[in-house]
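Please read the structure below before turning to the comments.
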Amino acid sequence: MPARRCALFAALSIALCCAALPCQAPPEPQPDALELPLLQTGAKELDAFATLCFKNGFPRRARDLWLEVMSDYDRDDAVAREQLGFVRVGSAWQPKTGFDYPVTDAPNLKNARMLESRWQAACKKLGEGHRDIATQLQAAGKAERAQYHFRRALRFLPTDASAQSGVGAKTVEGVTGTDLELALLRRSRMMDRSVARLSSTPFSVQKGAATDPRLDAAAVKYESYSTENFVIFGDWEPEVLTELAQWCERAHAFCQEAFADGESWKTPPEITTKIAFFRDRATWGQVVKAHAAAIGDVDFVLQFTSACGIDRGKQGIFVSGQQDPAVMTDYAVRKVAEQWSMLKKDAVIEGLGHAVVGMFFGRNLIMTVAEQKKSGTVAGRNEKRFDLPDLEIWRELARDLAFEKASAPAAHLPLILASKFSSEERIKSWSFCDYLLRRDPSLLLALDRAGNDAKNDFDVMTAFTGATKQSLRAVEDDWRSFYTGDSAALRAIREQSTPMEAISKDAPLWLEEFNRLRKQHGAGEVGWSADWSVACRQHADYLKKNKVSRDLENTQDQTKPGFSNQGRVFAQRALVWSGDKEPKKAMANWLLLPGYRDAILDRGLEQIGIFAEGALVVIDVQRGRTMEGRIATGYFPYATQRGPNAPVVTFPSAVPVALLGTEAQQVLEAAGRGKQKDIGLPISIHFFGADQSDVQCEVTSGGKPVEGKLVHSTQGSRRVAAAGMWVFYPLAPLPKGEATVKWTTRGEAESFPFTVGG
């Protein structure tokens, strides 16, 4: 199984021998001669400002602007092309071999303020230029191009009354936007509220006596748990199966709300309501082999997948063999949503699954078989980022594709087979399906069905227009505006500040101390990103508005001001600290927290976002990871090997339960020690997202075993949880003196002696 923990589906990848269909679509309309002087001016102005950003420590913002130049002003602009790593070969531009665009920003508040002042001047010039051209084109009866320039005017002058009037914008509840943008905002907020509410809503689950003849025929052991709509089978602990049953109900309730506006869903679709979760692939394999005739290519399924379906609809059952609870929750939500959508085409149904799972968890851990080819359509992009599951990274990649108009056209999505699913197409499929779900789920179904008899992209566009009376190209242009535009409504949907607003004067101090700790424990220094500090600021603002207690710092409550669903998801994985203005004093405690420790030890972490103000800091350590090279394993105590002459390092014997939070309290309560104030120093092994399933831990002190609990701590508060991490909790403070921890993974053991002090 690959490092990113992908569960591979058989149902979407049987047609491996089939070839992808060619893209055939009519050319896009060309600009009017009246527009050319402004387009030349726009390219020149944005080139100059992007160059200024690059020279003053903000290469990521420069890159976005050069992409905008190529997208909206001049595809052959030499400055933008060369800065983004293209070289001219004859009459075409080709990506430069080995080019690596710099992405680390400099947290310089003075430079940021200077750039923001210059940007406002550029916005005034470009916004007024687009508005004036739009007015002339409108008078000449060229409505389509006039609308384009009115939208561009709002990109630079979002409060300009003439431009707002030109696109038919109106103000509702303090937000100005077009009818479409306001509808997107309404549905987005509805779905965000639904996800936030349902994520913490308990559903009734009862242990039952239900059986399934297909599982019985495979002679596997299982228990069953029933809810109002589902029956969950499996050999996991009762609390795990109970939680999975609740996630199925949560996804079901969400779909009832999300698809309620669509005519096709007035009668709820018939879905498979039986799902079996086995902890070992071998057990799942028994079921697959017992039903070879119903499943099909069993050898392929067993070799490349870890989940499959037997029969369909009400008579069917989904069966999986997974050892990671996070992947299982992804699977539970995904299968319910995919069935509710009634979609059939590989790329479209997977895009919808990614969209709904992303709304709930902010990441995707399940992928179909895909070639993952590297087309190089957008220069300066780290291709390895396609392998990371975090949805914030996917949003950045979708923004790239929105600028790169020729890449992964929407009309091609219904024609893509799972075996021919490229990285760009996966991102486009997710982002386009997410957009259509927010806009109108009926358009999503129409796109899917447009591929039924289509031989090429043009056929899909024709069928889509026939079914919806809308141009698919126009809908795709609206998707691009959703990702690249800067209207008030679209910003309200994202509920985020700009990167320049996310720069804080104390960020360099926290970055310096964070890097000092990383170097001390064998990890390299990380850079800072303005873009990734945006979510940090949003969560910091939420915490300040609501004066949140420490045990609730890694979440957001939808009933509180400043809440957003993206903020809720982000907060779960962020490093948050309050009460200490001095970074060194604050971080003295971070190695005691397994989840924060994980970020300090992670050698794959290259960049972080930071927003620090007063005694509050929020750090994003999720998006700046890379999949490059071998994933190192980290250990604590002794995260790195020590030389023979190195000084003795002592580790604390215990950590306050209050510092660790609810998860540590639950470990003690399960052991009948709920009244303890302290727990033994958490001992951890870190796979940094690569993960391992077969892990054992033994701790001895003075030659005697230490009683404790080993937890696969991939879910929960960031203080104690991180992707690919196992934590051993000693139930009592460790005795002073010499101790040893022995980790066994896949039958291979490694021991680390360490010294326990006070």
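Data table
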{"read-out": "Any hit, segment 160-169, residues being closer than 18 Å to E68 by Cβ and either at pLDDT 90 or above or in contact with a helix residue (DSSP H, G or I) (Cβ under 6 Å, 6 or more places away or on another chain) (or both)", "value": "yes"}
{"read-out": "For L575: the one exception among (1) of a type outside the set (F, W, Y); (2) under 14 Å from C536 (Cβ atoms); (3) touching a residue at least 60 places away in the same chain (Cβ under 8 Å); (4) open to solvent by 10 Å² or more (accessible area, probe 1.4 Å)", "value": "(4)"}
{"read-out": "Of the criteria (1) at pLDDT 90 or above; (2) closer than 26 Å to N452 by Cβ, which one A294 fails", "value": "(1)"}
{"read-out": "From A337, A332, A276, residue being modelled with pLDDT of 95 or more, in a strand (DSSP E or B) and closer than 27 Å to E243 by Cα", "value": "A276"}
{"read-out": "S564 polar (S, T, N, Q), closer than 20 Å to A492 by Cβ and out of contact with any Gly (no Cβ under 8 Å at 6 or more places or on another chain)", "value": "yes"}
{"read-out": "Output for segment 714-744, where each listed residue is open to solvent by 10 Å² or more (accessible area, probe 1.4 Å) and at pLDDT below 90", "value": "T714, Q715, G716, S717, A723"}
{"read-out": "Any hit, segment 602-614, residues being surrounded by fewer than 23 Cβ atoms within 10 Å (Cβ to Cβ), out of contact with any Ser or Thr (no Cβ under 7 Å at 6 or more places or on another chain) and either basic (K, R) or under 22 Å from E663 (Cα atoms) (or both)", "value": "yes"}
{"read-out": "In segment 38-58, the residues that are farther than 15 Å from T104 by Cα and out of contact with any helix residue (DSSP H, G or I) (no Cβ under 6 Å at 6 or more places or on another chain)", "value": "L39, Q40, T41, K44, A48, T51, L52"}
{"read-out": "Residue check, H539 in contact (Cβ under 8 Å) with a residue 60 or more places away in the chain and open to solvent by 10 Å² or more (accessible area, probe 1.4 Å)", "value": "no"}
{"read-out": "Condition met for A612 (of a type in the set (G, A, S) and either modelled with pLDDT under 90 or not in a strand (DSSP E or B) (or both))", "value": "no"}
{"read-out": "Segment 627-658, subset among the hydroxyl-bearing types (S, T, Y) and modelled with pLDDT of 60 or more, residue surrounded by the most Cβ atoms within 10 Å (Cβ to Cβ)", "value": "S653"}
{"read-out": "Filtered residue count, segment 715-758, keeping only those that are of a type in the set (S, T, N, Q) and part of a loop (DSSP other than H, G, I, E, B)", "value": "2"}
{"read-out": "From L67, L38, residue being touching a Gly at 6+ places or on another chain (Cβ under 6 Å) and on the phi < 0 side of the Ramachandran plot", "value": "L38"}
{"read-out": "Selected residue (only one of R88, R113, R145, R131 is among the basic types (K, R), more than 32 Å from the chain's Cα centre (by Cα) and either more than 21 Å from D478 (Cβ to Cβ) or assigned to a strand (DSSP E or B) (or both))", "value": "R88"}
{"read-out": "Segment 306-337: number of residues that are open to solvent by 10 Å² or more (accessible area, probe 1.4 Å) and among the small types (G, A, S)", "value": "2"}
{"read-out": "Those residues of segment 679-696 which are acidic (D, E) and buried (at least 17 other Cβ atoms within 10 Å of the Cβ), in sequence order", "value": "D691"}
{"read-out": "Neighbours by Cβ (under 6 Å, 6+ apart or cross-chain): first from segment 423-452, closer than 15 Å to M359 by Cα; second open to solvent by 10 Å² or more (accessible area, probe 1.4 Å) and part of a helix (DSSP H, G or I)", "value": "Y435/F482"}
{"read-out": "R381 in a helix (DSSP H, G or I), at pLDDT below 90 and open to solvent by 10 Å² or more (accessible area, probe 1.4 Å)", "value": "no"}
{"read-out": "Of residues in segment 156-189 being assigned to a helix (DSSP H, G or I), open to solvent by less than 30 Å² (accessible area, probe 1.4 Å) and of a type outside the set (A, V, I, L, M), the one nearest to L46 (Cα to Cα)", "value": "F156"}
{"read-out": "Residue check, V240 modelled with pLDDT under 95, over 15 Å from I317 (Cα atoms) and open to solvent by less than 70 Å² (accessible area, probe 1.4 Å)", "value": "yes"}
{"read-out": "Positions within segment 46-78 being closer than 21 Å to L397 by Cβ, part of a helix (DSSP H, G or I) and in contact (Cβ under 8 Å) with a residue 60 or more places away in the chain, in sequence order", "value": "C53, R60, R61, R63, D64, L67, E68, M70, S71, D72"}
{"read-out": "Residue that is touching a Pro at 6+ places or on another chain (Cβ under 7 Å), open to solvent by 30 Å² or more (accessible area, probe 1.4 Å) and assigned to a helix (DSSP H, G or I), where the choices are K545, K585", "value": "K545"}
{"read-out": "Test set (1) assigned to a loop (DSSP other than H, G, I, E, B); (2) in contact (Cβ under 8 Å) with a residue 12 or more places away in the chain - T267 fails condition number", "value": "(2)"}
{"read-out": "Members of segment 190-210 found to be surrounded by fewer than 18 Cβ atoms within 10 Å (Cβ to Cβ) and either out of contact with any Asp or Glu (no Cβ under 8 Å at 6 or more places or on another chain) or part of a helix (DSSP H, G or I) (or both), listed by number", "value": "M190, R193, R197, S200, T201, P202, Q206, G208, A209, A210"}
{"read-out": "Pick from segment 50-67, criterion over 9 Å from P102 (Cα atoms) and touching a strand residue (DSSP E or B) at 6+ places or on another chain (Cβ under 7 Å), ranking: surrounded by the fewest Cβ atoms within 10 Å (Cβ to Cβ)", "value": "G57"}
{"read-out": "Single unsatisfied condition, A664 versus (1) open to solvent by less than 70 Å² (accessible area, probe 1.4 Å); (2) over 27 Å from L365 (Cα atoms); (3) assigned to a helix (DSSP H, G or I)", "value": "(2)"}
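Let's see how each residue does on (1) open to solvent by 30 Å² or more (accessible area, probe 1.4 Å); (2) within 17 Å of E338 (Cα to Cα); (3) touching a helix residue (DSSP H, G or I) at 6+ places or on another chain (Cβ under 7 Å); (4) acidic (D, E):
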site: E270; (1), (2), (3), (4): yes, yes, yes, yes
site: F278; (1), (2), (3), (4): no, no, yes, no
site: R281; (1), (2), (3), (4): yes, no, no, no
site: K289; (1), (2), (3), (4): yes, no, yes, no
site: V298; (1), (2), (3), (4): no, no, yes, no
site: F304; (1), (2), (3), (4): yes, no, no, no
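The values are calculated or read from the model by the stated rules, or taken from the named source; none is laboratory data. Only a predicted model underlies this, so the values are computations on that prediction, with no experimental measurement involved. Note that each Cβ is placed from the backbone with ideal geometry, even for glycine, and that neighbours are counted across all protein chains shown. In case anyone asks, the SASA skips ligands and DNA or RNA and just uses the protein heavy atoms, side chains included. Shrake-Rupley method; radii C 1.70, N 1.55, O 1.52, S 1.80 Å.
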